[in-house]
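This report concerns only the one structure given below.
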Amino acid sequence: MKEKIKTFLAICVLVLTMPYIITLLFQQNDTSPDSKHAPLSAKDTALQQPASTDDPNMDIEEYLEGVIANEIPLDFHLEAIKAQAVIARTTLTSALESGTEELPASMSREEMLTLWGQDGFETNYRVLETAIESTRGEVITYDGSRILAAYHAVSAGATRSAIDALGNEKAPYLSTVESDLDIPSPDYLNVTFLDKKDFLHKLQDACPGLKTTEDKVLDAVSIDGRDESGYVTQVTLGETTMSGENFRECLNLNSACFSLKEVEGRIRIVTKGLGHGLGLSQYGANEMAKEGMDYREILNYYYQGIAIQKDG
């Protein structure tokens, strides 16, 4: 009898409290502070509209969020990402000031969400906010003017000078520095093989007047010069001369630090590094950050004789 009474009372309590429990559940769903399911705010959607150089209301620091997200992996060390933030701000403010240069590409919040998912978006966005806030307003200058803030993914073990790569004597801060921390990168060395027929077709696309045969295709290519970092500076293709960078683009190579050789009837192409090799190496910067260097030390290493200062 006692058990029946206890059961009856329990049922009564449940019936009486059920509306309150249901109300709490619905309130929790509506007001939960869990940011994983929070809608985008007005600030969050600001980057979804493309900016232009004539937009007087553009918030530079907000636009930078999408630029940095587009330029460097956000699982890199924070100090390397801070360095990239200063690089991005330097490039962006230079473009805005000129009024004629294209702005650096920026990723919208919607693109970030699609790429990373909600959880990844929250983690990466916190990194972006920290990197931008920690370097707010900072740009890289040389002799009082913003620099050409070149960067690349992985060097060939040393970065290039602007004089060798671009024939530019007005960018002495882009000089050759050792970057052997790049060597362990999976993108440091790349080896590909092409059939002679495919190799010839690629060369003829780049140089329609090229006259050679598959058997002698490698004889039609002459590497005429390299800079001190090992990057090819000039290539002769038949009777046409082009830069190493142009040749790299024709063959879609990882870098202009390449060598060609015939191996077992095919053309072996070996490249070192990923990118043009000028300025900061992102992989090298990440490794330097792991060793305890901060973003200012990293930037001062890869760009010689520069200053890091607040813009304006």
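Tallying residues that are surrounded by 18 or more Cβ atoms within 10 Å (Cβ to Cβ) and under 21 Å from the mean Cα position of the chain (by Cα) within the range 177-212 yields 6.
Taken together, the residues in the range 86-138 that are assigned to a helix (DSSP H, G or I), over 15 Å from residue 65 (Cβ atoms) and among the charged types (D, E, K, R) amount to 2.
Within the range 119-132, residues that are in the same structural domain as residue 82 (by TED's automatic domain parsing) have Cβ atoms under 6 Å from residues that are part of a helix (DSSP H, G or I) and surrounded by fewer than 19 Cβ atoms within 10 Å (Cβ to Cβ) in these pairs: 121/113; 124/116; 132/61, counting only partners at least 6 apart in sequence or on another chain.
Just so you know, in the range 287-312 the residues that are part of a helix (DSSP H, G or I) and touching a Phe, Trp or Tyr at 6+ places or on another chain (Cβ under 9 Å) include one that is farthest from residue 184 (Cα to Cα), and it is 302.
Need a quick list: helices (runs of 4 or more DSSP H) entirely within the range 147-255 having at least 1 residues that are closer than 19 Å to residue 275 by Cβ. Let's see the steps before the verdict.
Numbers: elements: 162-166, 196-206, 244-251.
Where helices (runs of 4 or more DSSP H) fall fully within the range 147-255 and carry at least 1 residues being closer than 19 Å to residue 275 by Cβ, they are 162-166, 244-251.
Take the residues in the range 166-192 that are touching a Leu at 6+ places or on another chain (Cβ under 6 Å) and touching a residue at least 60 places away in the same chain (Cβ under 8 Å), then tell me which one is farthest from residue 86 (Cα to Cα). Among those that are touching a Leu at 6+ places or on another chain (Cβ under 6 Å) and touching a residue at least 60 places away in the same chain (Cβ under 8 Å), it is 187.
The values are calculated or read from the model by the stated rules, or taken from the named source; none is laboratory data. Given the structure is predicted, the values throughout are model-derived calculations rather than measurements. No Cβ is skipped: glycine too gets one built from the backbone with ideal geometry, and neighbour counts run over all protein chains shown.
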